[in-house]
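Structure, as structure tokens:
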Amino acid sequence: MTLTEHLAELRSRIIRAALAVGVGVIGVLAFYDPVLEFIRGPYDRLCERRPDLVTNCDLYSLGPLDGFNARLRISLYGGLLLALPVILWQIWRFVVPALHSKEKRYAIPFVFSSVLLFAAGAVLAYVTLDRGLEFLVAWSGDDVQQAFQITKYVSLVALMIAAFGVGFEFPVLLVFLQIAGVLRPRQLVESWRIAIVSIVVLAAVITPSGDPITLVALTIPLVILYFVAILLGHLIVRRRKA
């Protein structure tokens, strides 16, 4: 393919991904109230568990545009999540012409595992967010009254889900690099100490809340997935050699 043909292919892939996001945004807008109630889940759990810590469990709109902006953000974030399988598939379809025929058969496992791991990270972020909020609220001081602005709370939930979801894509990248021959399983095993330190630093950087509970909740699964990725890469590489 010429450069112009590559650009045309890239444009078509971007348009398809954008259409999928648009459909997802419309779907979230149609069910906005249940989605908002779902997003409030971690905050509601904190209110039920620690009424002494959080006395007011309402989300506040501090300006005439806050409610409108919150609706737009929730719709956009939700649309991106719903369109994630299509986006990953379009990325793969754009990359696949550069791969050998033996490497193309990993398309479906690549997309499926990426979506599954992102969903697992998102669920973990949602489940542990109330503990992170509890730590942040407790450390703000006894004399500080909590009043959560709806746009900032929605952004925090979205960033937490994105951070955990992207972090859980780490083993997919490791397996791909092992298949491509960039990294060797033995090399990854020998560098496990450096890898653990790097994972801790990465988790500290990408988590928006910065609390230790969230840091531990992201670090431990990533360390486990690191060794799982090494095992999978070793099995695939050994099978290819055989």
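Quick look at the numbers
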item	result
Helices (runs of 4 or more DSSP H) wholly inside segment 137-192 that include at least 1 residues being over 23 Å from Tyr77 (Cβ atoms)	170-179, 185-190
Pair list, Cβ under 6 Å, 6 or more apart: segment 162-178 residue closer than 19 Å to Ile39 by Cα, other residue modelled with pLDDT under 90 and among the polar types (S, T, N, Q)	Ala163/Thr207
Verdict on Ile224 being within 14 Å of Ala125 (Cβ to Cβ) and free of Cβ contacts under 8 Å to residues at least 40 places away in the same chain	no
Number of the exception - Trp192 against (1) over 26 Å from Ser140 (Cβ atoms); (2) within 17 Å of the chain's Cα centre (by Cα); (3) among the hydrophobic types (A, V, I, L, M, F, W, C); (4) surrounded by fewer than 20 Cβ atoms within 10 Å (Cβ to Cβ)	(2)
Residue among Arg50, Arg73 that alone is touching a residue at least 60 places away in the same chain (Cβ under 8 Å) and over 20 Å from the mean Cα position of the chain (by Cα)	Arg50
Index of the failed condition, Ser209 passing every other in (1) farther than 15 Å from His234 by Cβ; (2) part of a helix (DSSP H, G or I)	(2)
Residues that are surrounded by fewer than 18 Cβ atoms within 10 Å (Cβ to Cβ), over 17 Å from Ser113 (Cα atoms) and not β-branched (Val, Ile, Thr), drawn from segment 212-233	Pro212, Leu215
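The values are calculated or read from the model by the stated rules, or taken from the named source; none is laboratory data. Please read all numbers here as calculations on a predicted model, not as lab measurements. All Cβ positions, even for glycine, are placed from backbone atoms using ideal geometry, and neighbour counts span all protein chains on display.
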